[in-house]
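The values are calculated or read from the model by the stated rules, or taken from the named source; none is laboratory data. This one's a predicted model, so the numbers in the text were calculated from it and none came from an experiment. Don't worry about glycine lacking a Cβ; one is built from the backbone with ideal geometry, like all the others, and counts go over all protein chains shown. Just so you know, the surface numbers come from the protein's heavy atoms only, side chains and all, with ligands and any DNA or RNA stripped out. Shrake-Rupley method; radii C 1.70, N 1.55, O 1.52, S 1.80 Å.
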Protein chains: 4
Amino acid sequence: MVLEALVEANQGHALAYGDDPWTKRCETLFNEVFGQAVTTLIAVNGTGANVLALAGLLNQAEAVLCSDWSHINVDETGAPERVLGAKLIPLTSVAGRVDVDAVTEACRALGNPHHAQPGVLSLTQSTEWGTCYSVDEIGALVDAAHARGLRVHIDGARIANAVAALGLGVDGLRAMVIDTGVDAISFGGTKNGLFGAEAVIFLNREHASRAVYLRKQVNQLASKMRFISAQFCAALEESRWLDWAGHANAMARQLHAATAPLLPEGAIASPEVNSVFPVLPPEAATTLQEWCFFWDWNTAAHQYRWMTAWDTTPEDVSRFAAGVKHVLGH
Amino acid sequence: MVLEALVEANQGHALAYGDDPWTKRCETLFNEVFGQAVTTLIAVNGTGANVLALAGLLNQAEAVLCSDWSHINVDETGAPERVLGAKLIPLTSVAGRVDVDAVTEACRALGNPHHAQPGVLSLTQSTEWGTCYSVDEIGALVDAAHARGLRVHIDGARIANAVAALGLGVDGLRAMVIDTGVDAISFGGTKNGLFGAEAVIFLNREHASRAVYLRKQVNQLASKMRFISAQFCAALEESRWLDWAGHANAMARQLHAATAPLLPEGAIASPEVNSVFPVLPPEAATTLQEWCFFWDWNTAAHQYRWMTAWDTTPEDVSRFAAGVKHVLGH
Amino acid sequence: MVLEALVEANQGHALAYGDDPWTKRCETLFNEVFGQAVTTLIAVNGTGANVLALAGLLNQAEAVLCSDWSHINVDETGAPERVLGAKLIPLTSVAGRVDVDAVTEACRALGNPHHAQPGVLSLTQSTEWGTCYSVDEIGALVDAAHARGLRVHIDGARIANAVAALGLGVDGLRAMVIDTGVDAISFGGTKNGLFGAEAVIFLNREHASRAVYLRKQVNQLASKMRFISAQFCAALEESRWLDWAGHANAMARQLHAATAPLLPEGAIASPEVNSVFPVLPPEAATTLQEWCFFWDWNTAAHQYRWMTAWDTTPEDVSRFAAGVKHVLGH
Amino acid sequence: MVLEALVEANQGHALAYGDDPWTKRCETLFNEVFGQAVTTLIAVNGTGANVLALAGLLNQAEAVLCSDWSHINVDETGAPERVLGAKLIPLTSVAGRVDVDAVTEACRALGNPHHAQPGVLSLTQSTEWGTCYSVDEIGALVDAAHARGLRVHIDGARIANAVAALGLGVDGLRAMVIDTGVDAISFGGTKNGLFGAEAVIFLNREHASRAVYLRKQVNQLASKMRFISAQFCAALEESRWLDWAGHANAMARQLHAATAPLLPEGAIASPEVNSVFPVLPPEAATTLQEWCFFWDWNTAAHQYRWMTAWDTTPEDVSRFAAGVKHVLGH
């Protein structure tokens, strides 16, 4: 489907830098998805999308509150600090989620000229630990942030999985980010079946006024943008993005069901989205990784991360579970 | 061809972040093209590739010498200054080219702690004005730069057109950048027929030691890198990149031949690569731009830029020339 | 006088970071000098004061227009680019001054996402070439800038000399920067007799809302601020700052009068403030510099810079002129 | 003494930017103190000195390891991130000290292109919690850092107090930072009796090669440097810096002795240097702060910070202790 979209976008010529029908269509589709006019900026990778969103939301001399396990804090090689010149203030998280108390505590620095000044709260949904904030939790966090003058960003590299997990279709997305008052989202495509496509969505459009300049400054402007926009069009039409994410979630549940009996009790929690985090004997993990690569997650705890995807099949799951069984010597 | 490469790269799974066969193949092909082992970093857009190359070449507290008309100075919205934190020092250029005298003069600042310290000389080849540095000119500039401790970068968004214009095949590239001692190149793909693919090539590999970290920091790491690498593979195999660029150059010559008779003498110079810069009556230009978009270039001089591409056909040229004739009232 | 101020400030204890009587007094004095409430930020050096003022005035993704000979562009080692992450766009100047046409031309980039976006116009008063903008010239430049949405900064490292040259006392300052609508000034003290004291004055206080945080971020917050504020108090009380600058200006006129007859016609222009820029035979200049140091200025033109100061005496001038006479062999 | 030094430095003229006898003398004195040739850079404030030292020590794309309570992490408003563009990675500390295990754990990120790459370990001596690393602890931390390719910085805003606490005179300093192999120190003066004077000392001089440019870039170059250098001369001659710090330490011990009996057991630990951190009833603390200002420290624990200084007298201590007694109602 994505490939077909590229084939189609490859016919004829189009203006560069977003003045093309695919990008226009993509903007329309995002407006429809969110149920209101939003400002959409196509971006070229996930780190860049996060940096662009934060660049738009940050005022002078502000810092970013985020979870200690957040991708922007841990997995972006310091790109945010380099490109934004802003401090990231890590908040203690539980299962990847931060809470209102942590935000409140960090905001005590506000007004003290010696301390970095929180200006944006960045949440990851679904989180790096495969968990989801409930709609109410997001609402409470947004309220706490807004009450202190902060804006709220969602790193939505996997927002599709979180919305799919809610089971309310596109209404779930609106409840999650529109009704709660989130200001901007990094809306991921690459982790949900696209070749390479990310978007920054400013729900609060007043923060988007400088975004086209910022996008170029942070190295996120694609000249032949239609090839990225076309991918998003393919995903957004007929709600495919939710179908794909829902499938990935289902495969994770299947993977959990197939492997939990092979592991000690408590060694693998039931997944909320498309990732499971088993605790494995290190030697067994290494053997498995050589056979079928997956990432270490929390080394100290011998915890690993298994991901399913839009194109994972039940057969893939069965084969992998059989491999686990074999290696664990059952 | 590029699309076929994507179709092929879309089959099966591959490891992310460059640990895939297409990226390995791409690295091998670049080694072959340059006739020696180089360090290749796939990047996601042209501004990002320039910033990444410069990030690798710059030492502490250094500045970049570049032409006053260079893309990094004029057309990147200040991305280099933002992401590098480094000053760009514009040198006066003639037809897009800087000379040894300008470099020498700028290097008088070296050692004075009050002045920005030139650390890198960045040249564009072919230049923003559609001209080329000769191999000897590059050699002299590299020598002048190296003699003062600077490194040399080539913004090669259109290096294919410059190499094709030399008419020596891949040997021309080696004469141009290996024999002269250039340190790093932004090797463009997007302007030469690819969907969206750039590469930074460190010819002097000692400057590449931190490049994988820098790439992530400057928002240029693609997770599904194979879809970019596969494009480059398609271009590099069988020297297609030079054929495409050579074709674009030929079409520009054809465009010049077809339109020069329609314009006053001196209003359109013979092209070296794939761009011509006609001086046009502004109203005629506006009419033409509405019919078939092209960029203003030097507004004060009523000068415009017409580009040809790898896929421009002789018929395209004829049709456009007919349009020019019609608008100019011949 | 300055030393006496330090002696006095050294008695007893005071709260740090500006919560002290000297800083409060200094703020009051600046309000009086400008004839209105302004926001005063004591800073620790001239480069830092400029960077702080610009940091307050710049919005997201903006660049700074300045003269090609400006201190921020030429004599600050790239500090503005590093700390602000913003491009400086040099405008061609004549005798250190830029004009409305240059500003207008540069502002054509506004709205084009590929070009750096001018957000601040920075003027130096008196200029690096010892000239002054007239009040009308500043008014016209501010109007041109404001009309396009830019803010205006004055690098006033030597603003005292420019105001003294007007001969209108403190009213001259108000005409120059209040009536014209300048947004912020780097108000220099160190070049006007202080040990080390600079201030950033936000005349348009809405740009000062983040200034206390920015000051710390750009390394300009002094803990024992009273020792800097006390210097400014000494300068501002009884309009000493204007007396000192007026004296320096007078000494420059005396130096010009004493040396012009020794030099070829046209080799030394009559000074507007406290600097003269003689063209000298290089060997003679070198001999003089070894005897009494002064800076090269425009090497290509064999032009040098002689400065006078608040503490230059007529005897100093006579002695120096005698040295010039001796070396030039009269 | 410091004031006398300023009076003396104010006589006659001197070249700017460090080409003066006081700065030369200061450099010589630092060489003598450290017992070897070091590179000394006079700086203008503490945050700036830290930023300058780190700027010299950091290579491309590197991050800084520091304690979660460190001044650079908590009390510099994000200046390091802004000016360095580098991530600060906070390590869990106990009583302000980090240990080898925390460093080792953080260095597991080395070589992974997705994680920020530790390049410098920054230690504070004495720490923000008034504790000191032992010489052996510093040695072990330096060894652990160097073994992984990191350099080591000491934030020595209060290094004088730590050296004085060792009781070995200047030999203690050498044991602490030369024998252990520390690479650079921010050597504080302002917190040890000077009006405003900091220095960055590169013990490993290879990291100082770009330092004069970096100093200007990070807004730390003083034009009339002699007025800062003269302060350091006054402090370094006759080991006054150690006498002053030793006195401050003694006064803290006296303060502890006078107040500990007034507080519950365990509410105030015996000081290692010149700060004590009492746990106080909040209302009592507020009353005391209104009478004689001191900082909150760890609000959650009702912990405050009392500092003594080079000029604290036994009478000051007695008077303050009497105030505490009065407020606490004994």
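Given a 10 angstrom Cα cut-off, can you work out which residue in B:214, B:84, B:15 is the most mobile in a GNM of chain B?
Looking only at B:214, B:84, B:15, the largest GNM fluctuation is found for B:15.
If you roll a 1.4 Å probe over the heavy atoms of the protein chains, what accessible area per residue do you get for chain C, in Å²? Display every interim value, and only then the final one.
On the way: 11610 Å² over 330 residues.
Here the per-residue accessible area is 35 Å².
Please report, for residue D:318, the nm distances (one decimal) from its label point, 7 Å out from Cα along the beta-carbon direction, to the equivalent points in the remaining copies, shortest first.
Those separations, rounded to one decimal, come out as 6.1, 9.1, 10.9 nm.
Suppose R0 equals 35 Å. What FRET efficiency, 1/(1 + (r/R0)^6) with r the Cβ-Cβ distance, do residue C:179 and residue C:11 give to the nearest 0.05?
Values: r = 40 Å, r/R0 = 1.15.
Efficiency computed from Cβ-Cβ geometry: 0.30.
Taking θ as phi - 60°, what are the ³J(HN,Hα) couplings along region D:135-147 by the Karplus curve (6.51, -1.76, 1.60), each to the nearest whole Hz, with x for Gly and Pro?
4, 5, 5, 4, x, 5, 5, 4, 4, 4, 5, 4, 4
In whole Hz and in residue order, list the ³J(HN,Hα) couplings for region D:228-233 that follow from phi through the Karplus curve 6.51 cos²θ - 1.76 cosθ + 1.60, θ = phi - 60°; x for Gly and Pro.
The phi angles translate into 8, 4, 4, 5, 5, 4 Hz.
Could you give me D for region B:39-104, from Stokes-Einstein at 37 °C and 0.692 mPa s, where the hydrodynamic radius is the Kirkwood radius over C-alpha pairs? Units µm² s⁻¹, please.
Numbers: Rh = 12.6 Å.
For these conditions, the coefficient is 260 µm²/s.
Please list, ordered by chain and number, the residues whose modelled amide H lies under 5 Å from the amide H of residue C:43; skip anything fewer than 5 residues away on the same chain.
C:198, C:199, C:200
Taking the alpha-carbon set of region B:221-330, what are its Rg and Dmax in Å?
Every Cα atom of region B:221-330 included, Rg and Dmax give 16.7, 54 Å.
List, in the order given, every pair from A:24/A:216; C:24/C:216; A:224/D:87; A:325/B:224; B:87/B:191 whose Cα-Cα distance in the structure shown is over 22 Å.
Details: A:24/A:216 19 Å; C:24/C:216 19 Å; A:224/D:87 33 Å; A:325/B:224 30 Å; B:87/B:191 27 Å.
From A:24/A:216; C:24/C:216; A:224/D:87; A:325/B:224; B:87/B:191, over 22 Å: A:224/D:87; A:325/B:224; B:87/B:191.
Charges on Cβ only, +1 for Lys and Arg, -1 for Asp and Glu, centred on the Cα centroid of region B:242-327; of B:245, B:292, B:258, which one is farthest towards the dipole's positive end?
Among B:245, B:292, B:258, the one farthest towards the positive end of the dipole of region B:242-327 is B:258.
For every other residue with a beta carbon closer than 15 angstrom to the beta carbon of residue B:239, add +1 if it is Lys or Arg and -1 if Asp or Glu, then tell me the sum. Show your work: numbers first, answer last.
On the way: positive: B:174, B:240; negative: B:32, B:171, B:237, B:238, B:243.
Summing Lys and Arg as +1 and Asp and Glu as -1 gives -3.
Rounded to a whole number, what % of the accessible area of chain B do carbon and sulfur atoms account for, probe 1.4 Å?
Values: 6000 of 11620 Å².
Roughly 52 percent, rounded to a whole number.
How many partner chain Cβ atoms sit within 10 Å of a residue's Cβ in peptide B:5-11, on average, as a whole number?
Numbers: counts 0, 7, 3, 0, 2, 4, 0.
Per residue, the average neighbour count from other chains is 2.
Quick check for me: using +1 on Lys/Arg Cβ and -1 on Asp/Glu Cβ, what's the dipole size of region B:242-327 about its Cα centre, in debye to the nearest 20?
Rounded to the nearest 20 debye, it is 120 debye.
At 222 nm, what value in deg cm²/dmol follows for chain B if DSSP H runs of at least 4 each add -39500 (n - 2.57) and the sum is divided by all its residues, to the nearest 500? Mind dumping the intermediate values first?
Numbers: 14 runs with 139 residues, N = 330.
Helices in chain B give a 222 nm mean residue ellipticity of -12500 deg cm²/dmol.
Amide H neighbours of residue D:88 under 5 Å, at least 5 residues apart or on other chains, H built in the peptide plane: list them.
HN-HN under 5 Å from residue D:88: D:64.
Along region C:215-222, what does the Karplus equation 6.51 cos²θ - 1.76 cosθ + 1.60 (θ = phi - 60°) give for ³J(HN,Hα), rounded to whole Hz, x for Gly and Pro?
Each residue's phi maps through the Karplus curve to give 4, 5, 4, 9, 6, 10, 8, 8 Hz.
Over the alpha-carbon set of the protein assembly as shown, divide Rg by the Kirkwood Rh and report the Rg/Rh ratio to two decimals. It would help to have the intermediate numbers written out before the result.
Values: Rg = 32.4 Å, Rh = 33.2 Å.
Taking Rh as the inverse mean 1/r over Cα pairs, Rg/Rh reads 0.98.
Any idea what the residue B:209 label distances to the other copies are, label 7 Å down the Cα→Cβ vector, nm, shortest first?
Output for residue B:209: 1.1, 4.7, 4.7 nm, nearest copy listed first.
Determine, for each peptide in A:52-62, B:172-182, the mean count of other beta carbons within 10 angstrom over its residues, then list the peptides with the highest first.
Numbers: A:52-62: 25.4, B:172-182: 19.8.
Those peptides, ordered most packed to least, come out A:52-62, B:172-182.
Once you list every other residue whose beta carbon is under 11 Å from the beta carbon of residue C:183, what net charge do they have if Lys and Arg are +1 and Asp and Glu are -1? List each step's numbers first, then the result.
Working: positive: C:151, C:205; negative: C:206.
That sum, taken over residues with Cβ under 11 Å, equals +1.
Return the FRET efficiency for the residue pair residue B:112, residue D:237: r is the Cβ-Cβ distance, R0 is 30 Å, and the value is rounded to the nearest 0.05. Please report the intermediate quantities before stating the final value.
Working: r = 32 Å, r/R0 = 1.08.
Efficiency at R0 = 30 Å is approximately 0.40.
Inverting the mean 1/r over all pairs of different Cα atoms, compute the Kirkwood radius of region C:268-330 and quote it in Å. Write down the numbers at each step before the final one.
Values: mean 1/r = 0.0821 Å⁻¹.
About 12.2 Å, per the Kirkwood formula over Cα pairs.
Put a label point 7 Å from Cα along the Cβ direction on residue B:28, then list its distances to the equivalent points in the other copies in nm, shortest first.
With the label placed 7 Å along Cα→Cβ, residue B:28 yields 4.6, 6.7, 8.1 nm.
How big is the B-D contact in terms of buried accessible area, both chains counted, 1.4 Å probe, rounded to the nearest 100 Å²? It would help to have the intermediate numbers written out before the result.
Details: alone 14760 and 14740 Å², together 27790 Å².
What B and D bury together is about 1700 Å².
Between residue D:105 and residue D:305, what is the FRET efficiency for a Förster distance of 25 Å, r being their Cβ-Cβ separation, to the nearest 0.05? Can you show the working numbers first?
Working: r = 29 Å, r/R0 = 1.17.
With a Förster radius of 25 Å, E is 0.30.
May I ask for the distance between the Cα centers of region A:178-222 and region C:196-234, given as a whole number of Å?
37
Is there a simple number for the mean count of other chain Cβ atoms within 10 Å of the Cβ of residues in A:105-114, and what is it?
On the way: counts 2, 0, 0, 2, 2, 0, 2, 4, 12, 12.
Taking the mean over all residues of the peptide, I get 4.
Taking amide H positions as placed in the peptide plane 1.01 Å from N, state which residues far from residue B:154 in sequence (5 or more) or on other chains have amide H under 5 Å from it.
Counting only residues 5 or more places away or on other chains, the set is B:123, B:184, B:185, B:186.
If contacts are Cα pairs under 8 angstrom and at least 6 residues apart, what is the relative contact order of chain D in percent? Walk me through the intermediate numbers first.
Working: 629 pairs, mean separation 70.2, N = 330.
Worked out over chain D, it gives 21 percent.
What is the dipole size for region D:2-239, taken about its Cα centre, with +1 at each Lys and Arg Cβ and -1 at each Asp and Glu Cβ, in debye to the nearest 20?
Values: 17 positive and 26 negative charges, 138 e Å.
Result for region D:2-239 is approximately 660 debye, rounded to the nearest 20.
Per the Kirkwood formula on distinct C-alpha pairs, the Rh of chain C is how many angstrom? Don't jump to the answer; show the numbers that get you there.
Values: mean 1/r = 0.0487 Å⁻¹.
Radius from the Kirkwood sum: 20.5 Å.
Spin-label point model (7 Å from Cα, Cβ direction): what's the residue D:290 to residue A:209 distance in nm?
So the two model labels end up 4.3 nm from each other.
Which one of D:67, D:230, D:95 is farthest out on the positive end of the charge dipole of region D:2-239, using unit charges on Cβ (Lys, Arg +1; Asp, Glu -1) and the Cα centre as origin?
Toward the positive end, the furthest listed residue is D:230.
Quick check on region D:2-239: of the DSSP beta bridges with both residues there, what percent are antiparallel, nearest 5%? Write out the running numbers ahead of the final one.
Values: 11 of 28 bridges.
Rounded to the nearest five, the antiparallel share is 40 percent.
For chains C and B related by rotation, which residue of C has the Cβ nearest the axis, and what is the rounded distance in Å?
Nearest to the symmetry axis by Cβ: C:81, 2.
Over the whole of D:206-212, what's the average partner chain Cβ count within 10 Å per residue? Rounded to a whole number, please.
Values: counts 0, 1, 0, 3, 7, 3, 7.
Average per residue, whole number: 3.
If I build a Gaussian network model for chain D, linking alpha-carbon pairs within less than 10 angstrom, which residue out of D:49, D:79, D:245 has the largest mean-square fluctuation?
Ranking D:49, D:79, D:245 by mean-square fluctuation puts D:79 first.
Dipole magnitude of the protein assembly as shown about its Cα centre, charges +1 at Lys/Arg Cβ and -1 at Asp/Glu Cβ only, in debye to the nearest 20? If you can, show how the numbers build up before the last one.
Working: 88 positive and 140 negative charges, 0 e Å.
Dipole of the protein assembly as shown, to the nearest 20 debye: 0 debye.
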